[in-house]
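Some notes on the structure that comes next.
The values are calculated or read from the model by the stated rules, or taken from the named source; none is laboratory data. Given the structure is predicted, the values throughout are model-derived calculations rather than measurements. Heads up, the Cβs are rebuilt from the backbone with ideal geometry, glycines too, and the neighbour counts pull from every protein chain shown.
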């Protein structure tokens, strides 16, 4: 029993010794206080230096960003705001030079121009020709006629197109359908007014006589009879233009209360493009069913002129006036225009009037002698 308690007492006395050994070992491994303080100071200095360097770099970046923004604002003011900027990289044109000639040693200047002065004169004449063509009065059949003619008909066209009296008349009835220059002039109120001035300021009697003569002879066998029989479009346009010279002369020269030509008002009215359609009635062109010309005094007076020729069966308008008058009356009122042809005034505009009178006279003479 005693030995058992002694053994137990030894065990309890050994445990404090092991604990003391472990504690002393831990204290021997701990860092000295001076070394620890140095480490803290070094770490603090490193953090301070990093913050200083970082703030300096941030300041530089901020200034650089400000400069970039100011540069961007300047660039934006200089930017092209259009959709596309096209730069011509070709060589600039050479400015024209005056061609001066040196005076000869004699008393008079040199009579033979240099090559450069000849070239300048040629260029000047070409420019003058181009400018004059833009203001020239249109002529009928000013485009290429082609070869769709018999030889005799082609010769007839050449004869009447080179006739001085015919060219001086500037016939409105032929310009309407056969002149590309007249089509171009119709796009400008000033140019079409100038053209109508030339058409109206003519010797009407001599012009009517020459148109009647060409209208009578175009269907001769020696001229364009075969082409007329095959409905050659240019021959038909020429024939109808000769016949309709008088009614279209009167309608084309008609003016409104302000002094403007009614046709000039109609052809340049872009809001009512059908206003010019009635002027084609004397050429045998029917008024389209959808046409609604403006109901004004010009239309009423123009249709009154056409009405006076519609009763003459030799005129193409005798085939187109009735339907056009009814159509206009539907849009403008039942009494706006005369629905039927007015009585002829002395056979106005009838190319065959002289021939009819001759036939009547021969008939009376035959009756007298028989």
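Being closer than 20 Å to residue 238 by Cα, in contact (Cβ under 8 Å) with a residue 40 or more places away in the chain, more than 24 Å from the chain's Cα centre (by Cα) and not assigned by TED's automatic domain parsing to the domain that holds residue 234, is that true of even one residue in the stretch 291-301? No. When restricted to residues that are in contact with a helix residue (DSSP H, G or I) (Cβ under 7 Å, 6 or more places away or on another chain) and either part of a helix (DSSP H, G or I) or farther than 15 Å from residue 235 by Cα (or both), the stretch 144-162 contains 2. Just one of the listed residues (223, 212) is more than 29 Å from residue 323 (Cβ to Cβ) and in contact (Cβ under 8 Å) with a residue 24 or more places away in the chain, namely 223. Across the stretch 264-279, the number of residues qualifying as over 17 Å from residue 195 (Cβ atoms) and surrounded by 20 or more Cβ atoms within 10 Å (Cβ to Cβ) comes to 2. If you go through the stretch 175-195 and keep only what is buried (at least 19 other Cβ atoms within 10 Å of the Cβ), in contact (Cβ under 8 Å) with a residue 60 or more places away in the chain, in a helix (DSSP H, G or I) and in contact with a helix residue (DSSP H, G or I) (Cβ under 6 Å, 6 or more places away or on another chain), you end up with 177, 178, 192.
Before we move on, is residue 304 within 24 Å of residue 238 (Cα to Cα) and either in contact (Cβ under 8 Å) with a residue 12 or more places away in the chain or in a loop (DSSP other than H, G, I, E, B) (or both)? No, not satisfied.
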